[in-house]
């Protein structure tokens, strides 16, 4: 989910008459994007942790989100085609649901892991190469972006403004993903909470295609995700100390 999904922002953005006024709104938009893209950020952080080297994790985020930015801008430029091409949205929904289920489904190795011990990076999956992780990061953000492109175009017909929002979203994702990489080693339920939120976005996309009348309102979805993250931050691993919260 991203800031464009909140209908209450629409009057504010429409009230902006020039780019000077928009610059005054940028700090607010950045803050909102950082908060509302948490479900996307935690998925990207978990994918990046499949690389054991912290330097490679950072490199993967930089390259993956750089490629994701190109995808986002292309989606915005071709928004009308994207909105009419339901197979692409169906693929995005299926991918997000697969990402959720495949990462929450218990494996034999995870069953043997001590609940009080944080898993090592790459322990839940085969250790993957940098290129594979970068590609997965880019396509994961692409799947999330499909849900926000329609809302962004509905909020404003100013292509440059919508693209600026896309750039802000990627910058916010880069910052929050780096934080979540650290927090995943501290909080026991955080990764599960993030992937459950990913599943909710996938279900939302699917419902928009097959039963639009059943799509929950944005406030309900935000409330559910907020509760998931309260649960995600509710319990630490035994080794985690309060000081480990600092990036």
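One residue stands out among those in the range 128-170 that are part of a loop (DSSP other than H, G, I, E, B) and modelled with pLDDT under 75: the one that is nearest to the chain's Cα centre (by Cα), which is 128. Determine, yes or no, whether residue 73 is at pLDDT 85 or above and surrounded by fewer than 19 Cβ atoms within 10 Å (Cβ to Cβ). Here the answer is yes, as residue 73 does meet what is asked.
The listed residues are 16, 12, and the only one of them that is in contact with a helix residue (DSSP H, G or I) (Cβ under 6 Å, 6 or more places away or on another chain) and at pLDDT below 60 turns out to be 16.
The values are calculated or read from the model by the stated rules, or taken from the named source; none is laboratory data. Note that the structure is a prediction, hence the values are computed from the model and not measured. Methodologically, a virtual Cβ is constructed for each residue, glycine included, from the backbone with ideal geometry; neighbour enumeration extends over all protein chains shown.
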